[in-house]
């Protein structure tokens, strides 16, 4: 009798404690601009998402986003792992509710969720994006200003500060699967544009895990970046290609490292530029071409291109890698030339510009299709 009574009391306790349990794909906690952006992106990436916020202003567009539920005036209580999901307790109006998502995004300013899980987070260390690192290849957020003043452009970072990128790895909380932190990850977090870009990148990453029922230990970098680009997100903070109809081709090729941006002072302020009309040099493209394509080494030894890479050099390389008959390839590209709105006429002997190289390489070589790991290294 006593045992049955204890069981009944235990049942009543949990019935009162949690008015309902809701299974969902992603829960974003924190009504910061980055949190709202993450929740909206998750929903637009077709996964069921709940945004939990105690206070804050939700963008008006969020109210009509399919797959997105918003719990306002709600307090985060606790979090723990429960199999392949998380168990999150939230409270509102004296009642508690349990959410059971696959993925959690902590968008609180002081990392309340991460700390409640008994874990630690680290603010983004921009110094890890040095010239020795290839993590820029894994970028899922970027900007031209992190709200910090620098007295010199001399730096060993890529991109050079105050431009920056956020590699996927920076969002992942170590020691557990499917927990992302974006709260005060960036310096200059009061710059709304920075937070929105970071939130969108986090949303795409969380949605990937939820949609494919996988974990942050098994992320496919390029698949996540493709989704981000599909939603008009940028990987690198170029200030001079925003209106280019082929901005995506430029972003993709530069995310491989084939062409790198440069920083210049414009009206006294540093700007990270693609410089579309500058000439491509053999020295800048040879290292990455030989890293990505196994036959590139033989091509360079046989062809021996000069200091300046020409239109003919690129077509010859494309022919070698794609096994396309050279004359047929030349006729095809010459016919297509006007559609790209190139500034110069087709000329095989002319040094190729960065914009011409990016557009043609993206279409015919597709280096962005080569997988990279979370450190930005090519996966063979």
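The values are calculated or read from the model by the stated rules, or taken from the named source; none is laboratory data. What you are looking at is a predicted structure, and each value in this text was computed from that prediction instead of being measured. Here Cβ is always computed from backbone atoms with ideal geometry, including for glycine, and neighbour counts include all displayed protein chains.
Here are the numbers:
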read-out	value
Filter result for residue 245 (over 17 Å from residue 135 (Cα atoms) and surrounded by fewer than 17 Cβ atoms within 10 Å (Cβ to Cβ))	yes
Filtered residues of the range 330-354 (kept if outside any helix (DSSP H, G or I) and within 28 Å of residue 225 (Cα to Cα))	341, 342, 352, 353
Members of the range 276-296 found to be surrounded by 15 or more Cβ atoms within 10 Å (Cβ to Cβ), out of contact with any helix residue (DSSP H, G or I) (no Cβ under 6 Å at 6 or more places or on another chain) and in contact (Cβ under 8 Å) with a residue 40 or more places away in the chain, listed by number	279, 285, 288, 291
Residue within the range 338-359 that is loosely packed, with under 13 Cβ neighbours inside 10 Å and in contact (Cβ under 8 Å) with a residue 60 or more places away in the chain present	yes
Enumeration of residues in the range 240-275 that are in a loop (DSSP other than H, G, I, E, B) and touching a residue at least 60 places away in the same chain (Cβ under 8 Å)	244, 245, 246, 255, 256, 257, 258, 259, 260, 261, 274, 275
Residue satisfying condition, being part of a helix (DSSP H, G or I) and more than 22 Å from residue 247 (Cβ to Cβ), within set 357, 300	300
Test result for residue 126, under 26 Å from residue 268 (Cβ atoms), crowded, with 20+ Cβ neighbours inside 10 Å, in contact with a strand residue (DSSP E or B) (Cβ under 6 Å, 6 or more places away or on another chain) and at pLDDT below 95	yes
Some residue of the range 177-185 being under 22 Å from residue 47 (Cα atoms), out of contact with any helix residue (DSSP H, G or I) (no Cβ under 6 Å at 6 or more places or on another chain), modelled with pLDDT of 95 or more and surrounded by fewer than 22 Cβ atoms within 10 Å (Cβ to Cβ)	no
